[in-house]
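Contents: one structure, followed by commentary.
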Amino acid sequence: MSAALAIPPDAAQARPNHFPLEVSEYQRIVARLENMTGITMGADKRTLVHSRLQRRIRALALPGFRDYCDLLERPEGQVEQTHFVNALTTNLTSFFRESHHFKHFVEEAVQPMLPELKSGRKLRIWSSGCSTGEEPFCIAMMLLSVFPQAFDRNARILATDIDSSVLRTAFNGEYSQERMKGVPDPLLQKFFAAGGSEDAPGYRVNDEVRRLIAFRKLNLNASSWPMRGKFDMIFCRNTLIYFDDDRQSRILKRYRDIMKPGGHLYLGHSERLSGPAEKSFKRVGTTIFQAV
Ligand SMILES: C[S@@+](CC[C@H](N)C(=O)[O-])C[C@H]1O[C@@H](n2cnc3c(N)ncnc32)[C@H](O)[C@@H]1O
């Protein structure tokens with residue numbers, strides 16, 4: 001038998017780099033996360049939570065999860081609360097994910113209003129749960145493809161997320177070659193410049209695209225949202241699924257309240273309307289809804 005296999009399980013648990021996560025500590029963590037963000041996590045996420053927060057415990061040189069939970073509750077734990085949320089969000093995204101939405105956006109939502117847009121009608125679009133920025137950049141590229149004067153004619157995109165680290169990536173607008181896979185060549189040529197380094201080449205989104213977008217931190221489950229005007233289109237894709245039914249219904253109602261009549265709502269492939277929003281939107285495509 002090798003020396004490694006001879007280590008009894010208790011000794012492995014006591015390794016300085018491994019911190020056991022007790023059920024009671026896991027419960028404290030998921031309750032705090034839900035309270036701060038609305039994200040719900042079942043027992044099946046314990047391994048994920050364990051591995052993501054263990055890194056934080058190591059970084060802070062804390063003795064274990066109990067001290068970590070205590071820190072989050074103390075006033076001096078405020079900075080850690082941001083790391084805590086950033087560590088536990090799921091940020092999976094890609095360029096032109098669920099591409100039928102972008103086709104609909106250009107052909108059915110933007111093109112019919114082009115005459116009005118050209119004569120000065122404001123256009124307001126919200127990418128809520130924008131993650132690392134691929135979604136709002138796709139919206140901006142598609143908009144510019146049919147309406148090159150968008151910026152001068154007062155078209156704007158608001159892109160928000162609760163996770164400050166993904167917002168930083170989005171704001172930088174720089175992506176590895178690997179992440180550019182979904183971008184068609186003509187758009188790549190038109191809207192990106194070479195970026196990255198010699199060792200890790202990548203692409204950077206042009207200023208023409210970037211200037212259309214304002215990136216902001218926003219919690220969809222906050223008691224109020226700071227926006228004043230109404231939106232023509234809202235993208236909320238693959239974000240509501242992390243919330244319970246009540247929160248989903250409440251957010252969908254708030255989307256309708258903050259949207260112009262006739263505006264379009266784009267949801268993720270496994271999301272649906274619920275609550276009062278069921279009556280205030282009509283389905284016009286696969287996970288595409290129009291405010292009535
Ligand atoms: C899976 S990503 C979706 C990205 C993109 N919309 C897409 O479909 O490709 C979900 C995003 O929702 C964000 N999120 C989770 N809870 C949130 C909340 N309460 N408020 C705002 N954003 C939240 C996460 O940080 C994450 O970046």
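The values are calculated or read from the model by the stated rules, or taken from the named source; none is laboratory data. For clarity, every value in this text was computed on a predicted model and none was experimentally measured. Reconstructed Cβ throughout: ideal geometry from the backbone, glycine too, with neighbour counts over all protein chains shown. Ligands, DNA and RNA are excluded from the accessible area calculation, which covers all protein heavy atoms including side chains. Shrake-Rupley method; radii C 1.70, N 1.55, O 1.52, S 1.80 Å.
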Handout entry: Filtered residues of segment 198-239 (kept if without any contact (Cβ under 8 Å) to a residue 60 or more places away in the chain, within 14 Å of the ligand (Cβ to nearest atom) and open to solvent by less than 60 Å² (accessible area, probe 1.4 Å))
Key = A222, W225
Handout entry: Residue tally, condition assigned to a loop (DSSP other than H, G, I, E, B) and of a type in the set (D, E, K, R), over segment 34-81
Key = 1
Handout entry: Test: residue in segment 176-185 that is of a type in the set (K, R), within 16 Å of the ligand (Cβ to nearest atom), open to solvent by 60 Å² or more (accessible area, probe 1.4 Å) and farther than 21 Å from G38 by Cβ
Key = yes
Problem - Residue that is farthest from the ligand (Cβ to nearest atom) [pool: residues in segment 55-76 that are surrounded by 16 or more Cβ atoms within 10 Å (Cβ to Cβ) and of a type outside the set (S, T, Y)] - result: L62
Exercise for the section: Take the residues in segment 77-87 that are in contact (Cβ under 8 Å) with a residue 40 or more places away in the chain and open to solvent by 40 Å² or more (accessible area, probe 1.4 Å), then tell me which one is farthest from C236 (Cα to Cα). Expected result: Q81
Fill in the blank from the handout: Those residues of segment 88-110 which are away from the ligand (no atom under 11 Å from the Cβ) and open to solvent by less than 50 Å² (accessible area, probe 1.4 Å) amount to F102, H104, F105, V106, A109, V110
Practice task
Might you check whether a residue that is outside any helix (DSSP H, G or I), away from the ligand (no atom under 16 Å from the Cβ), aliphatic (A, V, I, L, M) and within 29 Å of R228 (Cα to Cα) occurs anywhere in segment 114-123?
Solution key: yes
